[in-house]
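Colleague: Following this message is one structure expressed as structure tokens.
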Amino acid sequence: MTAPGNVLLEVHGLRKFFPARTRMLARSAKVHAVDGVSFWVREGETLGLVGESGCGKSTTGKLILRLLDPTEGEVVWRGRRIDQLDRAGMRPVRRELQAVFQDPYSSLNPRMRAVDIVAEPIRNYESLPEAQVRGRAADLFARVGLRPDQLLKYPYEFSGGQRQRLGIARALAVQPRLIVCDEPVSALDVSVQAQVINLLMDLQAEFNLSYLFIAHDLAVVEHISHRVAVMYLGKIVEIAPKHAIFTRPLHPYTEALLEAVPVPDPALRKQRRLLAGDVPSPIDPPPGCRFHTRCPYAEERCRREEPPLQEISPGQLVACHLRQPPA
Amino acid sequence: MTMPLIEVDGLKTHFFTRDGVVRAVDGISFSVAPGETLAVVGESGCGKSVTSLSILRLIASPPGRIVAGRVLFEGRDLLALTENEMRAVRGDAISMIFQEPMTSLNPALTVGRQIAESLVLHRGLSHRDAMAKAVAMLRKVRMPEPERRVRQYPHELSGGMRQRVMIAMALVCGPRLLIADEPTTALDVTIQAQILELMRELAREAGASIILITHDLGVVAEMAQRVVVMYAGRKVEEASVAELFARPRHPYTRGLLGSMPHLGDSVRNEGGRRLVEIPGMVPSLKEEHPGCLFAPRCPNAIARCTQEVPPFTAYGPGHQAACWNPVP
């Protein structure tokens, strides 16, 4: 995979295994949460990372943020490996690489006033007079649509949507270049969800931000992303520009995922081909292609051999034996 | 018009808390015909779940109390029944599926016992016969290996399988009405599609009516024939599904439809449209509001909206909305 210019973030062969407690295989069992994931994100770009629960999308985000250490693989930030850096080494990187999480309740310190939640990273990274710090915090407040009279409130005094705005203001405070957004709108009601999505898109245009947008809601991901990576059981099965993924999905899992989304238009009520069964356990993932146990097109080869992620059409990479690059 | 299976009439459920009365459901009316699926949609706190719990009289009291209204089920007012009579209705003629199967299944009993329970209770079956029926029911909800699964405990099953158990429990006595409260919200999208298909198929086969409580307009479009839109404890609009999606009259309904990104939208229209924001947030239900509860957030609001509660106006057969200045 050759990454074109102004790439901010690259991930190569990222793996994260967790020890698993099972009855019989107590010693050697591992949860293959992320199992060889590679992608890159460019400046000003949103890469959507989708998949169902347990596919490893959130773990991938945590590995990039170094909230978890990878078992294997590289995380490259602006040309430099950061997966081995210590606390001090990560400090300048953390300023550029921020995060917004799903549950703004548990990711905001309940004992801090809103103004300090936003001001803390500024104080941490810049030695500015306190008046200026507070001024910046107030500006950020206004930018994300919070009222000045809310500066002195505590997180519990905010609604869910407002707390998410506060989380976004905190992430923006130190002028980051990329924000990892892990399910940032899935806890919000649709009317409020729209407010936050619009805000994120406006901020991207204004500050040329990049997002790694981790979510399970395909309609939201389509709306906000430029490119989309689809994960299944710790692997990327397809990654492509948005238009290709949503008009011409090439992996059978991507196809099934899109097919399963209920369409809010009664005129389009459809008879679907449903995917049978559940996602297999990541402790003992199926051999060969991990999707073969549920894939309607699986062949003998799929059960034995793991398909590599290959470029099938320009910019569209697919890991499926049934899709071969043009000769 | 055929007689409705269930008719909710002017239902008010209030919660009497230390810091005031919360009007969670404040005068809601709708009916469901036999075999029909009615969706009740709205955002968190709009009263949709409290409505469904009120129908089955499962509101914790105190602090909650049904302060007004009737719930006529096959002509009988459920709110006037004794607790014993009501118990005979629950799980038999009316049953319910909840959002979170892990918290609504008993972790200490096998799933077979839990399915069999209502057969023993309502049909007087022996334990052995009831267990045999439980296996048959699990097969019907397409649980893999039903003979083995029937002896397992909820924690041994996946989320999708647990929801199949819930459906088996709910349908085992052949209810005439199934109330499903966010039945697929906790599930992944491929599993959601399986469960929705199953509910649709089994309800059709049994001729049961469904009240489907959901916040997901996609699920509404796929499952329901009619929709009630709730906002802050009140109904704001009701229509057939096709009519509601094509011609929403209440500004809240229109906002809700516009605020959701649609799959394929941004790909078809280059760059996509900006999502419709509904500014502000849901009002406190502790205060008495003289007018329309949506007025402070409504782009169409006029002076009258904050002064008088709008009555329902009919817009063609089965379509009504409560708005002083509706969407044309």
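Colleague: Within 10 Å of each residue's Cβ, count the other Cβ atoms and sort B:151, B:70, A:80 from fewest upward.
Modeller: A:80, B:151, B:70
Colleague: On alpha-carbon atoms, Rg over Rh for the range B:250-298 using Kirkwood Rh?
Modeller: Details: Rg = 14.6 Å, Rh = 12.8 Å.
Checking Rg against Rh, the ratio lands at 1.15.
Colleague: Something else now. For the residues A:165, B:274, B:90, A:111, what sequence is obtained by ranking on other C-beta atoms within 10 Å, fewest first?
Modeller: A:111, B:274, B:90, A:165
Colleague: Using only the alpha carbon atoms of the range A:174-259, find the Kirkwood hydrodynamic radius as the inverse mean reciprocal pair distance, in angstroms to one decimal.
Modeller: On the way: mean 1/r = 0.0721 Å⁻¹.
Evaluated over the range A:174-259, this radius sits at 13.9 Å.
Colleague: Can you bin chain B into rounded, prolate or oblate? Criterion: square roots of the alpha carbon gyration tensor eigenvalues sorted a ≥ b ≥ c, rounded for a/c under 1.5, prolate for a/b above b/c, oblate for the rest.
Modeller: Taking the square roots of the gyration eigenvalues as a ≥ b ≥ c, chain B is prolate.
Colleague: Okay, moving on. Packing-wise, with mean Cβ within 10 Å as the measure, how do A:170-182, A:298-310, A:226-238 rank, highest first? Don't jump to the answer; show the numbers that get you there.
Modeller: On the way: A:170-182: 22.3, A:298-310: 15.2, A:226-238: 25.3.
Output ranking for A:170-182, A:298-310, A:226-238: A:226-238, A:170-182, A:298-310.
Colleague: Let me check against my output: what whole-number percent is the relative contact order of chain B, with C-alpha pairs under 8 Å and at least 6 apart?
Modeller: 20 percent
Colleague: Follow-up question, since we're still on this one. Given the range B:139-244, report the % of alpha carbon pairs whose separation exceeds 25 Å.
Modeller: That fraction is 25 percent.
Colleague: A further question follows. Relative to the first principal axis of the alpha-carbon coordinates of chain B, what is the inclination of helix B:189-206, with its axis defined by its Cα atoms, in degrees from 0 to 90 and to the nearest 10?
Modeller: The angle comes out near 80 degrees.
Colleague: Just rank B:77, A:149, B:26, fewest to most, by other beta-carbon atoms within 10 angstrom. Can you show the working numbers first?
Modeller: On the way: B:77 13, A:149 8, B:26 23.
With the sparsest Cβ surroundings first, the list reads A:149, B:77, B:26.
Colleague: Report the Cα centroid-to-centroid distance between the range B:46-119 and the range A:263-297 in angstrom, as an integer.
Modeller: One Cα centre to the other: 34 Å.
Colleague: Largest first, please: the extent of the C-alpha atoms of chain A along each principal axis, to the nearest Å.
Modeller: 68, 52, 46
Colleague: What would the Debye formula give as log10 I(q)/I(0) at q = 0.11, 0.16, 0.19, 0.21 Å⁻¹ for the alpha-carbon point model of the range B:1-101, no solvent?
Modeller: -0.33, -0.72, -1.02, -1.23
Colleague: Please provide three numbers in whole Å: the alpha-carbon extents of the protein assembly as shown along the principal axes, with the largest listed first.
Modeller: 73, 65, 45
Colleague: While we're here: Consider all pairwise Cα distances in the range A:255-323 and report the whole-number % of them above 16 Å.
Modeller: 60 percent
Colleague: Give me the extension gain from residue B:103 to residue B:76: residue separation times 0.36 nm, minus the current Cα-Cα distance, reported in nm with one decimal. List each step's numbers first, then the result.
Modeller: On the way: separation 27, 0.36 × 27 = 9.72 nm, distance 3.11 nm.
6.6 nm is the gain from fully extending residue B:103 to residue B:76.
Colleague: Just report the Cα centroid separation between the range A:56-78 and the range A:166-242, whole Å.
Modeller: 17 Å
Colleague: Top mean-square fluctuation among B:130, B:60, B:242, Gaussian network model of chain B, C-alpha springs under 10 Å?
Modeller: Largest GNM mean-square fluctuation: B:60.
Colleague: Connecting C-alpha atoms closer than 10 Å in a GNM of chain B, tell me which of B:108, B:193, B:136 has the biggest fluctuation.
Modeller: Highest fluctuation of the listed residues: B:108.
Colleague: Hey, another quick one. What does DSSP give for the protein assembly as shown in terms of the percent of beta bridges that are antiparallel, rounded to the nearest 5?
Modeller: Given both bridge residues lie in the protein assembly as shown, the antiparallel proportion sits at roughly 60 percent.
Colleague: Grab the DSSP H runs of chain A that are 4 residues or longer, score each as -39,500 (n - 2.57), total them, divide by all residues and round the 222 nm result to the nearest 500 deg cm²/dmol.
Modeller: Value at 222 nm, helices only: -9000 deg cm²/dmol.
Colleague: Quick one: helix A:190-207 against the long Cα principal axis of chain A, what's the angle to the nearest 10°, folded into 0 to 90?
Modeller: 80 degrees
Colleague: Give, as ranges by residue number, the residues of the range B:22-49 whose backbone N falls under 11 Å from the point 7 Å along Cα→Cβ of residue B:314.
Modeller: none
Colleague: Tell me the label-point distance for the pair residue A:128, residue A:86, using the 7 Å Cα-to-Cβ offset, in nm and rounded to one decimal.
Modeller: About 3.1 nm separates the two model spin labels.
Read-outs throughout are calculated quantities, based only on the coordinates presented, and are distinct from any laboratory measurement. Since the structure is predicted, the reported quantities are computational estimates derived from the model, not experimental observations. Cβ: placed from backbone, ideal geometry, glycine included. Neighbour counts: every protein chain shown.
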